[in-house]
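Undergrad: Structure below; questions to follow.
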Amino acid sequence: MSEKIIQMENVNKWFDDFHVLKDINLDVESKQKIVVCGPSGSGKSTLIRCINRLEEHQKGNIIVDGTELSENTKNIEKIRAEVGMVFQQFNLFPHLSILDNCTLAPIWVKKMSKKDAEELAMKQLEQVQIPDQAKKFPGQLSGGQQQRCAIARALCMQPKIMLFDEPTSALDPEMIKEVLDAMVNLAKGGMTMIVVTHEMGFAKEVADEVIFMDEGIIVEKQPTKDFFAHPKSDRTKLFLSQIL
Amino acid sequence: MNKINFLKPDNKNLPLFLFIGSLFILLSILDFSLNNFFDRNITYFLPRFVSIFTPLIFGIIGFHLIRIEFSGIKKLDLLNKNINTSNFNAALSLFIIFLLIFCVPPLLNWFIFDANISGNTKEACTGSGACWVYIKVWFNRFMYGMYPNTEQWRINLSFTVVLAFAGMGFFMPTMYKKYLTLYYTIFLPIISFFLIYYLISGGSFGLVWVETGAWGGLSLTFIVSFFCLIFCFPIGMMLALGRRSNLPTVKYSSLGFIEFWRGVPLITVLFMSAVMFPMFLPDGTYMDKLIRVIIAITLFEAAYVAEVIRGGLQALPRGQYDAAKSLGMGYWKLHLLVILPQALKLVIPGIANTFLALVKDTPLIFVVGLLELAGMLGLAKTNPEWLGFSMEGYVFAAIIFWIICYSMSRYSQNLELKYKTER
């Protein structure tokens, strides 16, 4: 067994009175690929945003790569540099070119030299097959290309964990495949990944485990094959019958 | 040529309609001009209330007759598409033409044809138009205030040097381009300050000391505006960030500061800086009133700039913050590298607006006895030798201020275009 890279114990979170996450317990091992699914409003996005503290949890412990998430800002910045994240809305920086989007954080956060950062960025852009777009600006790219650039940008920080928050939900059907291909490649490379998605084909192909969430609770957590073949709870069965 | 329907102009009889229509329009303009300039009414035979409106009626008939779609004549089609689309639009256009005929010639007469420019005394002004002699005689004072005539080269030299240094920024080699902001926000103000302190103020290096009370005119407008513009921007930026900070002390002190300065009129602030502020200083210390005034205006405008920039910060989607944070950027990196470059671009029009207002607020420093361009006008018009020429003075000041403000406005539009990116 490999080491546990993320440990969540009794994590609770409230938005004012609304209880979003209820006693979440989740361990992720290094190089594991986990897909999180569930109806909207079930807290799946909040769950992964808690892992790099874009959202604050109010109760419980989250330990990422041996560092506990707390008020300590130095720790938070250290963890964020190790955890890459890809968003539904891409969130590229529109005032910078694709290449500058990728090199900004390595240069300023990791203190890499400009030359090294650019080399690394070009390598990552080749991985997602858009090296020819490097000089363009985000506004000039298609949605699929933008999302692949966002993946490359996150990878340029050489993270240990990648979080994906519904990476294909804002894309045209035709562009979903090119983004999923990039993600499958990444999974084959041995990255630890937590993916919130409704793409069940992707889940079947790469996930080690699938988590089903509803109303802030992890309803079901099973290895991929079992999850699709023998879902335990009725809620999961209902969800799967609607989505497949 | 039978059956020409004059109510519905068409393409077939184009030359005929064009001829009659143009004739009517000419007639209408002629009628109005004769009425206006020579008191001749060519339609005197009509009842009075009809003859008043004859120019308009002739004009509308004329425009109606030339309103022919797809005539094939480029200029006519352009005219019909843009200002002659309906009788109402034709009437509006005519109205504007009449207004121009009514206003422009008298203005031109006042400005140029009846104006006097030669001579050096009040007696030289014999025409009924503007007396530019007045401006000519006082020009030196309007530019330099009470600054001694023999020392004015010092102001000229300082301004030339500052302009040269500012211009150097444009020709900087590419490899130093990243220091450009630093150059303009820190290096240039320091140079300007030393120039003003040693050269314009004097007192050392064998230069005669000229007290700030004697400074004035357009050069003082420039000095005050320059320093206020340069300092209020970074202060405003800090205040805007402070107001959105999570730290309660920073947040509420910024909020209090902004609301305080936005809540008081500039003229009171200037009074306070002149009268109240020295009382708080320990005995024996003295701060020049020009510096006090510059600080007062800077803080006052910084509050406005802060609110404008805050608008830009709020317009950015939350995803930009999330993305920057997820890459491990701390507060300052996040703001300096990601948020501010985008937010400032959004607020260029608002900032330009505030800066224009600042330049036009500078005349208010007369309340502490500093007389810049408009203040010198006020002084000159009460001179017993030159009573009764305030009109020329104010027109002159208006033109100067307009030139300054219009160039600033054009520059801001230029910046907007330069930094335009697709989202």
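Just so it is clear, none of the values below were taken in a lab; they were calculated from the coordinates. Remember, it's a predicted structure, so these values are computed and weren't measured experimentally. Positions of Cβ are generated from backbone atoms using ideal geometry, with glycine treated the same way; all protein chains shown enter the neighbour counts.
Undergrad: So which GluC sites (Glu not before Pro) in the range B:205-307 pass both tests, a DSSP loop state and at most 14 other Cβ atoms within 10 Å of the Cβ?
TA: Loop-located and lightly packed - B:Glu211.
Undergrad: Let's test this: bin the Cα-Cα distances of the protein assembly as shown at 10 Å from zero up to the farthest pair and state each bin's percent.
TA: Pair shares across the bins are 3, 11, 15, 15, 13, 14, 13, 10, 5, 2, 0, 0.
Undergrad: Would you mind checking the radius of gyration and Dmax of the range A:1-96 based on alpha-carbon positions, in Å?
TA: Reported Rg and Dmax, both Å: 14.0, 45.
Undergrad: May I pose another question? What do you get for the angle between helix A:98-108 and the principal long axis of chain A? Use alpha-carbon atoms, 0 to 90 degrees, nearest ten.
TA: Result, in degrees: 80.
Undergrad: Averaged over all directions, how much area does the convex hull of the C-alpha atoms of the range B:116-222 cover when projected, in nm²?
TA: Answer in nm², one decimal: 9.6.
Undergrad: Counting helices only, and only those DSSP H runs with n ≥ 4, report the 222 nm mean residue ellipticity of the protein assembly as shown as the sum of -39,500 (n - 2.57) divided by its residues, in deg cm²/dmol to the nearest 500.
TA: -17000 deg cm²/dmol
Undergrad: How high is the FRET efficiency from A:Lys115 to A:His198, r the C-beta distance, R0 45 Å, rounded to 0.05?
TA: 0.65
Undergrad: Provide, as a two-decimal number, the C-alpha radius of gyration of the range B:197-333 over 2.2 N^0.38 Å, N being how many residues it has.
TA: 1.36
Undergrad: Using only the alpha-carbon atoms, how far is helix B:390-418 inclined from the longest principal axis of chain B? Give it as 0 to 90 degrees, nearest 10.
TA: Around 80 degrees separate the two axes.
Undergrad: Under the definition of partner shielding as Cβ atoms of other protein chains within 10 Å of a residue Cβ, what is the mean value for peptide A:155-161?
TA: 1
Undergrad: List the chymotrypsin sites (Phe, Trp or Tyr not before Pro) within the range B:167-237 that fall in a DSSP loop (any state other than H, G, I, E or B) and whose Cβ has at most 15 other Cβ atoms within 10 Å.
TA: Listed in order of number, the matching sites are B:Phe205, B:Trp209.
Undergrad: While we're here: Find which of A:Val35, A:Trp14, A:Leu47 sits farthest along the positive direction of the dipole of the range A:1-48, computed with +1 on the beta-carbon of Lys and Arg, -1 on that of Asp and Glu, about the Cα centre.
TA: A:Val35
Undergrad: When DSSP assigns beta bridges and you keep just the ones with both residues in the protein assembly as shown, what percent turn out antiparallel, to the nearest 5?
TA: 50 percent
Undergrad: Given +1 on the Cβ of Lys and Arg, -1 on the Cβ of Asp and Glu, and no further charges, what dipole in debye does the range B:27-130 carry about its Cα centre, rounded to the nearest 20?
TA: Using only the charged Cβ atoms, the result is roughly 240 debye.
Undergrad: Kirkwood Rh over alpha-carbon pairs of the range B:277-423, then Stokes-Einstein at 10 °C and 1.306 mPa s: what D in µm² s⁻¹, rounded to an integer?
TA: Rounded, D is 84 µm²/s.
Undergrad: Related question: Taking each residue of A:95-107 in turn, how many C-beta atoms of other protein chains fall within 10 Å of its C-beta, and what is the average?
TA: Across the residues of A:95-107, the mean count of other-chain Cβ atoms within 10 Å is 3.
Undergrad: OK, next. Order A:134-145, A:9-20 from most to least packed using the mean count of other Cβ atoms within 10 Å.
TA: Those peptides, ordered most packed to least, come out A:134-145, A:9-20.
Undergrad: Any idea how far the Cα center of the range B:258-315 sits from the one of the range A:1-34, in Å?
TA: Here the two parts' Cα centres lie 52 Å apart.
Undergrad: With unit charges on the beta carbons (Lys and Arg positive, Asp and Glu negative) and the dipole taken about the Cα centre of chain B, which residue among B:Leu157, B:Ile400, B:Ser51 sits farthest to the positive side?
TA: B:Ser51
Undergrad: Rule-of-thumb check for the range B:36-125: C-alpha Rg over 2.2 N^0.38 Å?
TA: 1.60
Undergrad: Please report how far the C-alpha centroid of the range B:343-393 lies from that of the range A:96-128, rounded to the nearest whole angstrom.
TA: Between the Cα centre of the range B:343-393 and that of the range A:96-128, the gap is 50 Å.
Undergrad: Sticking with this structure for a sec: Can you tell me what percent of all Cα-Cα pairs in chain B are more than 42 Å apart?
TA: Across chain B, Cα pairs with separations above 42 Å total 41 percent.
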